[in-house]
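All of the numbers you see were taken from the coordinates with simple rules; none came from a lab. Quick caveat, the model's predicted, so the values are computed rather than measured. With ideal geometry, Cβ positions are generated from the backbone for all residues, glycine too; neighbour counts draw on all protein chains shown.
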Amino acid sequence: MNMAVVPAKNEQGRIGKVLNLLSETAVDRIVVVLNGSRDGTLKEIRTQKLSKVDVLRFREPLGYDIPRAVGVFYALKQGAECVIFVDGDMTGNLLPAVNRLVDAVVSEKVDLAMTECQSDMISDNKLARELYLFRKLFNEHLGIYQRVGVAIPSHGPCAVSRRLMISADIRDFAVPPVILAFAVKHHLCVEAPVAMHSRELGSKMRGFSHAKKIAETIIGDIIEALAFFEGKPRKRIFLQKEYQGYNPRRRFDLLERFIALYGRNPDRSPST
């Protein structure tokens, strides 16, 4: 079974389009990890009346990327062989990309299939240049730059195999670059069969402050992943600067609670 994990928080007006698109892809089931929503996202999901959609509802915000880890744990319990991550605000035409990523995992036995997303503003945007540089240096250090460019699982849809999900620590799916480092370190198959511009994702525009926080989060994740890859204590400091971004808001405690509760009783209603 192929499953899509869709993190969603306050995506009313967008989530319906995302789910309808995914329902036309090679995905068999869709799990929406609805966390801390205060708008009509849940109502919009129910209005779609799509039989292949499950909702894991958390009343509190889980924080950046924690929904991925929740979705992976749920997917494993459901017997999924492939999981693809698509954010609940990505309203672009992702059908070809989703199908290609799933096919890479299912047919070509790729363990981590990523999208190489290129920013349109690298030459004009200092923040975009800094993030691009860290992505490039990260993949060069892992020895995969010539094959996947600057692709990392933090940016754009990506798909993972059951082998990777079982092998890695579930918690590390909440820090996506660590999953990439894990896959390379353990000689799993990593590819980037899809390339697209960031604007094609159709993601919500959220302003400079959010973009800065996201960039700092991903850079901090990359620094942490490099430490993991080298077998050193995980940290988020580079040249005496600490990159935290949204990292402190990641609710690993809620993830642990979900794992404990759902792990004991996977037949319970998927609503928390």
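Within segment 105-115, the only residue that satisfies the criterion of being crowded, with 24+ Cβ neighbours inside 10 Å and in a helix (DSSP H, G or I) is VAL105. Within segment 155-170, residues that are within 19 Å of ARG135 (Cα to Cα) reach partners that are of a type outside the set (A, V, I, L, M, F, W, C) with beta carbons closer than 7 Å, at six or more positions or on different chains, in the pairs GLY156/THR115; PRO157/THR115; CYS158/THR115. Checking the stated criteria, GLY88 turns out to be buried (at least 23 other Cβ atoms within 10 Å of the Cβ), farther than 17 Å from ILE152 by Cα and within 14 Å of the chain's Cα centre (by Cα). Pairs linking a residue in segment 17-37 that is touching a residue at least 60 places away in the same chain (Cβ under 8 Å) and crowded, with 20+ Cβ neighbours inside 10 Å to a residue that is assigned to a helix (DSSP H, G or I) and charged (D, E, K, R), with Cβ atoms under 6 Å and 6 or more positions apart or on different chains, do not occur.
Checked across segment 242-255, the condition of being among the aliphatic types (A, V, I, L, M), surrounded by fewer than 20 Cβ atoms within 10 Å (Cβ to Cβ), touching a Lys or Arg at 6+ places or on another chain (Cβ under 8 Å) and within 28 Å of ALA75 (Cβ to Cβ) holds for no residue. Would you pick out the residues in segment 17-66 that are closer than 24 Å to LEU101 by Cα and β-branched (Val, Ile, Thr)? If the condition is that a residue be closer than 24 Å to LEU101 by Cα and β-branched (Val, Ile, Thr), then VAL18, THR25, VAL27, ILE30, VAL31, VAL32, VAL33, VAL53, VAL55, ILE66 are the ones that fit. Out of everything in segment 38-65 that is among the small types (Gly, Ala, Ser) and over 18 Å from the mean Cα position of the chain (by Cα), what residue ends up being surrounded by the most Cβ atoms within 10 Å (Cβ to Cβ)? Of everything passing the filter in segment 38-65, GLY40 is surrounded by the most Cβ atoms within 10 Å (Cβ to Cβ). A count restricted to segment 75-97 and to residues that are out of contact with any strand residue (DSSP E or B) (no Cβ under 6 Å at 6 or more places or on another chain) and in a helix (DSSP H, G or I) stands at 4.
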